[in-house]
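Have a look at the structure below, then the notes.
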């Protein structure tokens, strides 16, 4: 097991440090709150000669992803960062990057989409592009933001799929925490040297990038892409296993917290999972058989594995930090219900949409959710979809 250095870092600093240690060939980016610091700090590393990266300060996020596509297509190890409206402006190019199977890594600091204008956290930006063909990894804290970035580059380059790693805006991005960093040498060894199989600058093996693909082959190529995303689950787990062997920090597709013997459980992504763990600990001391499932990988969605983990529960509450705008439930809840249905599992599933635009989620809010879950488990009538903490 490698040695770690204990440091204090914000989420943005943690992601920037990971990028520095990875030392990509190209970073193209445009600043946006609350992700500005990620690329701002990295730009200082470039200016100070700490990395060999070509930093491209472009005129928009659309241009940032366009430049990343050009870099990755040419065979360069490529990274960037953004948030909210920046991710929305990138959306057109995100689909192109995924369709071209380019292993770009994007640090996304979760922030609400406008309108109204808001700079605080919810997951509407990431959920907006959940079908773009990118692997999506959520981080609970600064440590996970750092660890996920290091793993993401390996995942992307092995599976030949772009990866977005998220943190919650301001809550994690600007909050300082204790974390453990690997040495530069250990990170270099872990991520390895990038050796692309096909790239535009390989004159010995000429290829075409961005060819027109109409009715004759488009469907077949999208089918290959879909299968690659499905198969990336194994890559994610293999990389996590290697990372655990080196650091002692274990990751999977999702985390099960105090699920042994649990009868009711909350499902929550990102920083809220940390708050929920405190509530679960308190409830367990009172004899309540409560647990938590924290999805780490939202795409590819681990539906079979999650359905198995939830099968023995009496009732489940899914907490969504975004809404599907009339799909009845939030996006995470829709996925959970579909997973249970496909597995033939009949289960009481409650959905709580919360924290939109950065509305604070408190311990008592999650205690309330567990209280309603306990009632639902006993067969008492409880609203299946609730907007937690809203004044209405």
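Throughout, read-outs are computed from the coordinates displayed, never taken from laboratory work. Remember, predicted model here, so these are calculated numbers, not experimental data. Here the Cβ positions follow ideal geometry from the backbone for every residue, glycine too, while neighbour counts run over all protein chains shown.
The Cα center of segment 168-214 and the Cα center of segment 37-65 differ in position by 14 Å. Compute the long axis of helix 61-73 from its Cα atoms, compare it with the longest principal axis of the Cα atoms of the chain, and write down the angle in degrees, 0 to 90, nearest 10. Helix 61-73 and the main axis of the chain meet at about 60 degrees. On a per residue basis, the convex hull of the C-alpha atoms belonging to segment 189-304 measures out at 171 Å³.
The alpha-carbon positions of segment 28-98 define a convex hull whose volume is 74 Å³ per residue. Relative to the longest principal axis of the Cα atoms of the chain, the long axis of helix 142-159 makes an angle of roughly 60 degrees.
Look at 174, 120 and count the other Cβ atoms within 10 Å of each Cβ; fewest to most, that gives 174, 120.
Calculate how large, on average over all directions, the projected area of the Cα convex hull of segment 285-392 is; give the answer in nm² to one decimal.
Working: hull surface 30.8 nm².
With every direction weighted equally, the projected area is 7.7 nm².
Within the listed set 205, 362, 234, the Gaussian network model of the chain (springs between alpha-carbon atoms below 10 Å) gives the highest mean-square fluctuation for 205.
Restricting to bridges with both residues inside the chain, how much of the DSSP beta-bridge set is antiparallel, in percent to the nearest 5?
For the chain, the DSSP antiparallel bridge percentage is about 25.
Can you tell me what percent of all Cα-Cα pairs in segment 8-132 are more than 26 Å apart?
Result: 15 percent of Cα pairs exceed 26 Å.
Measuring nothing but alpha carbons in the chain and taking Rh as the Kirkwood radius, the Rg to Rh ratio lands at 0.97.
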